[in-house]
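Chemist: Could you have a look at this structure, given as structure tokens, before my questions?
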Amino acid sequence: MRGRPRPASVPRRRHRKRRVINVKRLILSVLLILLAVEVTVAAFTSPWFSIKGVRFAGNETIASKDIRRQLDLRPDANIFRINKRAIARRVMANPVVKEVRLYRRLPDTLVVRIEERKPDLVLNARGAMYEVDSAGVPFRAVKHAKAGLPVLSCKAPGRVVLGRRIRASSFGTARNCLLLVREKKIFQVAEITVDQNNDLCLNVRDGFQVKLGRPEQLSAKLNMAVRIVEQIPEFRQRGAYIDLTVPEAPALKYRE
């Protein structure tokens, strides 16, 4: 006697239930997409999100009105539709600006945070003076150096372009000398000069000079200058110069 076949109604009901659930999920997904589109359109077109205020932070020497002019925003600019990269590039065109970050503060305020370049030294190139940051980038022309800033006097070939790193070898030689002096923490630098022969001369704030000659063996020459000053303490007050152009035969001279 053959067994009776199992009813197929139960799996068919489960299949229909799954189909109903999938259709509901599809409808829900479509509704969510439509809602997202509607919200996006509203955000991009609503006057509620038109920029009504701009706040500035971090700018110390650049006037906020000058930065605002560089933003070049339309009066009805939408806070979501602005191109932050393009705006940042316009602000970065000012060589004093090292970095700029833009933030949206909803619903209608744009925050502009500026990081300005800080002067690390002053370049004197043929009588024209420029403040230069720690990366070797000149960013501002000045009439004289601020108190405490070392001056590097050298002939930079061509013209100095604000916002672009200085590639002149003479500047590199002078800056390398400055970095070595700072690393050794020996003298307070007033000025470092590089002449047409690439010879270095270090002017110390105590009032004397260290004639270093060619930049070869620069670290050893500076160490020798330190030893001389340590062994002859009165030289800081009365010395005119230490000549180390020939390190094997150092020479000293006192002020008269």
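The values are calculated or read from the model by the stated rules, or taken from the named source; none is laboratory data. As the structure is a computational prediction, the values presented were derived from the model and not from experiment. Positions of Cβ are backbone-derived with ideal geometry, glycine not excepted, and every protein chain shown enters the neighbour counts.
To keep it simple, each residue is scored yes or no on (1) over 22 Å from Lys155 (Cβ atoms); (2) of a type in the set (A, V, I, L, M, F, W, C).
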position	(1), (2)
Thr193	no, no
Asn198	no, no
Arg205	yes, no
Gln217	yes, no
Arg236	yes, no
Ile242	yes, yes
Pro247	yes, no
Ala251	yes, yes
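Chemist: Evaluate the following for Ile67: is it assigned to a loop (DSSP other than H, G, I, E, B), of a type in the set (Val, Ile, Thr) and modelled with pLDDT of 95 or more? Steps first, answer last, please.
Modeler: On the way: assigned to a loop (DSSP other than H, G, I, E, B): no; of a type in the set (Val, Ile, Thr): yes; modelled with pLDDT of 95 or more: yes.
Here the answer is no, as Ile67 does not meet what is asked.
Chemist: Please enumerate the residues belonging to the range 203-214 that are buried (at least 17 other Cβ atoms within 10 Å of the Cβ) and either among the polar types (S, T, N, Q) or modelled with pLDDT under 95 (or both).
Modeler: Asn203, Gln209
Chemist: Taking the range 139-150 as the search range and keeping residues that are in a strand (DSSP E or B) and not aromatic (Phe, Trp, Tyr), which one is nearest to Lys98 (Cα to Cα)? Step through it out loud before you land on a result.
Modeler: Let us first name the residues in the range 139-150 that are in a strand (DSSP E or B), namely 139-142.
Restricting the remaining residues to those that are not aromatic (Phe, Trp, Tyr) gives 140-142.
Numbers: Arg140: 12, Ala141: 16, Val142: 18 Å.
Applying the filter and picking the extreme gives Arg140.
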